[in-house]
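Participant: My questions will all concern the structure given below.
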Amino acid sequence: MSEIITIQNFGKSYGKIRAVEGLTLAINSGELFGLIGPDGAGKTTTMRTLCTLLPLEEGQMQLAGFEVRRDVAAIRSILGYMPQRFSLYPDLSVEQNLLFFADLFGVSAAEKKKRLPQLYHFSKLEPFKNRLAKQLSGGMKQKLALSCTLIHTPKILILDEPTTGVDPVSRREFWQILQQLRDDGVTILVSTPYMDEALLCNRVAFMHKGKVLALDDPRLITKHFPHTLYEVATPAPQLLVPYFKTAHACESVQIFGDRLHVSFAAPLADAMLKSVVQSAPQPVIEMRQIAPGIEDTFMALMKNRISPQP
Amino acid sequence: MNRIIPIIRKEFIHIRRDFRTLIIIFIMPVAQLLMFGYAINMEIQNITLAVIDHSESPASRDLIRAFAGSKFFTVRHFDGGESRVGALFQNRQARIVLIIPQDFAATIARPVATKVQALIDASDSNAAQAIRNYADAILQTYNAGRGLAAPFEVQTTIQYNPTFKSTYFFVPGLVALILIMISALLTSVAIAREKETGTMEQILVSPVRAREIIIGKVVPYILLAFMDGVIVLLVAHFWFKVPIIGSVALILGAALVYVFVALALGLFISTLAHTQQVAMMAALIISMLPSIMLSGFFFPVASMPKVLQWITYVVPAKYFLLIVRGIMLKGNTLAQIGTPLLVLLGMGIILTIISTKKFKTTL
């Protein structure tokens, strides 16, 4: 597979704050690539710089062979970008929004005629084409925004947290569209705070404080988890946190819903496990070793700031 | 360049669907004109004049009749004596008190100067000045009627606005004020709105160029502001009967240049402001205050302190006021208004260049 987006040693500061530090990434053509990380990780900065919206000051970036620093116009014409904030014209109808962006990207009349039904087909927005954008539901707005960024048939699609604040059903629908676009050959770079969405990507990079901590197939990324993980079922998870934190030299304790995830540097011997359960100040229904999930992995990586293993 | 048309078209959809903008554009100028035209009237009538007549002679009654006969004064006799004149002013029972001395009838018959005293309430100094002028005029007529010739005579002819109509004075100023306010406000808000709602981010990522966005944004408002100018002029001419002695085409042409300057100003503001609120406040302050205070609209530039006089050189309204007053009231031709027109054009070009440079196609 050929690399269509490459980033080398990208760095960016806002005054004294270091937003991104020595970021190096390569995204393959036709890939659905996820950027995951907490707020302030540098995801939006990276995406905006790729889109030529922010000046590239440190490092190198190429999109489909074009230099971000030099070929601004060329990059803008092959790129679709959907910013984090919903930003279409609320007082324009669905169709007016689509046509405006078509004109902005110089889509020919013939092309428009072909493209519009396609976009209506996957977004299912046709029945609402005369409705004002501000009267659409959250999920429909997102689909309209996506349609507008797709109007000029871009080769590369960059989406900044497209599903934040969207209901679960619309989210699933949205990701089905993304997967279909990927199958049609569009390269997609998407950021998301949702771990279930990360699983739908071909590869994910986990960013934290401007650095990539792990980069892998989302199903394999859990191998970066550095410890052994146990799940503790208990009626009082909160009350047990200090017990695990102090009484035993564990690496971390996280509350996952009504359970605790406790990690240790190495697997516990059976006897040790037993004594941990028995000396707990609250009843422990069950404590068993489990395979770490993506979230466990990221939590652990964030805490330890471990560099990605090659 | 073919991206300009869609931007213009979109802007018109915004304007059509935004009721508030429409009101600002079409109702505000007319409302302002009517308000200024009627509420601010610099002519004073029915000034209460209290007379203390110590003479009580046919001659003194003649003089009083001269005052009572004018439409400016309402005469009231007052018997309280000089000591209570202060109370008359305090209680606003008179704005001018005329005191006729006991020997008035006797001295006026002889060829020596006869003195009467007029006390004027100058708590409103503009009004006091006007009252004094009216009183002087009446006394002069009175003297003339008695065949008393002054050693020499100053004949004053008031030109271009012989009856001192205040609408003649306000309308050109209002045209200047309204055009710059509307234009600067609309453009700056239109661009700041896109920044605030984030749509600018979406536009900028397209291959569109800065100048295409700017032209697309400005053209609709040039048309609207120009229409506004026409409306204000129509109301001024047909409702307030302000004459247009010079060429109508010349006024419209000059208005177009002025609108261009105003829009460039709005554009400049929008490159600095990131929210509609800031843009609106900045546009109002930057366009309105100088256009009222420093343009010669109300206060003559010549009587300002030197520092303020220097500032007036960068106030576009000052130049437009010269042009509009010149054309409407004096019938100026293009050659006579050439200099201020060129200054305006230069201002517009400089502002546009700065704004286009400052308007980045990055965030």
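Participant: Return the pairs, sorted by first residue and then second, in which the second residue is of a type in the set (D, E) and surrounded by 18 or more Cβ atoms within 10 Å (Cβ to Cβ), the first residue lies in the range A:73-94 and is at the interface with chain B (Cβ under 7 Å from one of its Cβ atoms), the beta carbons are less than 7 Å apart, and the residues are 6+ apart or on different chains.
Facilitator: Qualifying pairs under 7 Å: A:P83/A:D160; A:P83/B:E201; A:S87/B:E201.
Participant: Also: Quick check, is A:V204 in a helix (DSSP H, G or I), of a type in the set (V, I, T) and surrounded by 15 or more Cβ atoms within 10 Å (Cβ to Cβ)?
Facilitator: Values: in a helix (DSSP H, G or I): no; of a type in the set (V, I, T): yes; surrounded by 15 or more Cβ atoms within 10 Å (Cβ to Cβ): yes.
For A:V204, the condition - in a helix (DSSP H, G or I), of a type in the set (V, I, T) and surrounded by 15 or more Cβ atoms within 10 Å (Cβ to Cβ) - is not met.
Participant: State which residue is nearest to the other protein chains (Cβ to nearest Cβ) when the search covers only the range A:95-131 and only residues that are under 12 Å from A:C148 (Cα atoms) and among the small types (G, A, S).
Facilitator: Filtering the range A:95-131 for residues that are under 12 Å from A:C148 (Cα atoms) and among the small types (G, A, S), the one nearest to the other protein chains (Cβ to nearest Cβ) comes out as A:A102.
Participant: Please work out which residue is most open to solvent (accessible area, probe 1.4 Å), limiting yourself to the range A:53-72 and to residues that are more than 7 Å from chain B (Cβ to nearest Cβ) and either closer than 17 Å to B:R209 by Cβ or hydroxyl-bearing (S, T, Y) (or both). Before the answer, list the steps.
Facilitator: So in the range A:53-72, the residues more than 7 Å from chain B (Cβ to nearest Cβ) come out as A:56-72.
Next, from what is left, pick out any that are either closer than 17 Å to B:R209 by Cβ or hydroxyl-bearing (S, T, Y) (or both): A:70-72.
Details: A:R70: 168, A:D71: 31, A:V72: 51 Å².
My answer is A:R70.
Participant: State yes or no: is B:F12 part of a helix (DSSP H, G or I), under 30 Å from A:L92 (Cβ atoms) and either within 14 Å of chain A (Cβ to nearest Cβ) or of a type in the set (K, R) (or both)?
Facilitator: Details: part of a helix (DSSP H, G or I): yes; under 30 Å from A:L92 (Cβ atoms): yes; either within 14 Å of chain A (Cβ to nearest Cβ) or of a type in the set (K, R) (or both): yes.
So B:F12 passes the test.
Participant: Scan the helices (runs of 4 or more DSSP H) fully inside the range B:188-296 and keep the ones with 3 or more residues being closer than 19 Å to B:M328 by Cβ.
Facilitator: Correct list: B:210-234, B:248-272.
Participant: Turning to a different aspect of this structure: Among the residues of the range A:126-164, write down those that are in contact with a Ser or Thr (Cβ under 7 Å, 6 or more places away or on another chain), closer than 25 Å to A:I78 by Cα and open to solvent by 40 Å² or more (accessible area, probe 1.4 Å).
Facilitator: Within the range A:126-164, A:K155 is the sole residue that qualifies.
Participant: Which is over 29 Å from the mean Cα position of the chain (by Cα) and among the aliphatic types (A, V, I, L, M), of A:L116, A:L92, A:L104, A:L98?
Facilitator: Details: A:L116 fails: over 29 Å from the mean Cα position of the chain (by Cα); A:L104 fails: over 29 Å from the mean Cα position of the chain (by Cα); A:L98 fails: over 29 Å from the mean Cα position of the chain (by Cα).
Just one listed residue meets the conditions, A:L92.
Participant: I need a count of the residues in the range B:175-198 that are surrounded by fewer than 21 Cβ atoms within 10 Å (Cβ to Cβ) and over 16 Å from B:P220 (Cα atoms).
Facilitator: Going through the range B:175-198 one residue at a time, the tally reaches 4.
Participant: May I pose another question? Based on this model, can you work out whether B:A59 counts as open to solvent by less than 60 Å² (accessible area, probe 1.4 Å), under 37 Å from the mean Cα position of the chain (by Cα) and either of a type outside the set (F, W, Y) or not assigned by TED's automatic domain parsing to the domain that holds B:I191 (or both)? Write out each step before concluding.
Facilitator: Values: open to solvent by less than 60 Å² (accessible area, probe 1.4 Å): yes; under 37 Å from the mean Cα position of the chain (by Cα): no; either of a type outside the set (F, W, Y) or not assigned by TED's automatic domain parsing to the domain that holds B:I191 (or both): yes.
Against the criterion (open to solvent by less than 60 Å² (accessible area, probe 1.4 Å), under 37 Å from the mean Cα position of the chain (by Cα) and either of a type outside the set (F, W, Y) or not assigned by TED's automatic domain parsing to the domain that holds B:I191 (or both)), B:A59 does not qualify.
Participant: Here's a follow-up. Which members of the range A:114-172 meet the condition of being modelled with pLDDT of 90 or more, among the polar types (S, T, N, Q) and in a loop (DSSP other than H, G, I, E, B)?
Facilitator: Matches in the range A:114-172: A:N130 only.
Participant: Conditions first: (1) assigned by TED's automatic domain parsing to the domain that holds A:L159; (2) in contact with a Phe, Trp or Tyr (Cβ under 9 Å, 6 or more places away or on another chain); (3) charged (D, E, K, R). A:D217 passes all but one, so which condition is the exception?
Facilitator: Exception for A:D217: condition (2).
The values are calculated or read from the model by the stated rules, or taken from the named source; none is laboratory data. Computed from a prediction, not measured in an experiment: that's the story for all the values here. With ideal geometry, Cβ positions are generated from the backbone for all residues, glycine too; neighbour counts draw on all protein chains shown. Keep in mind that these areas ignore ligands, DNA and RNA; they rest on the heavy atoms of the full protein, side chains included. Shrake-Rupley method; radii C 1.70, N 1.55, O 1.52, S 1.80 Å.
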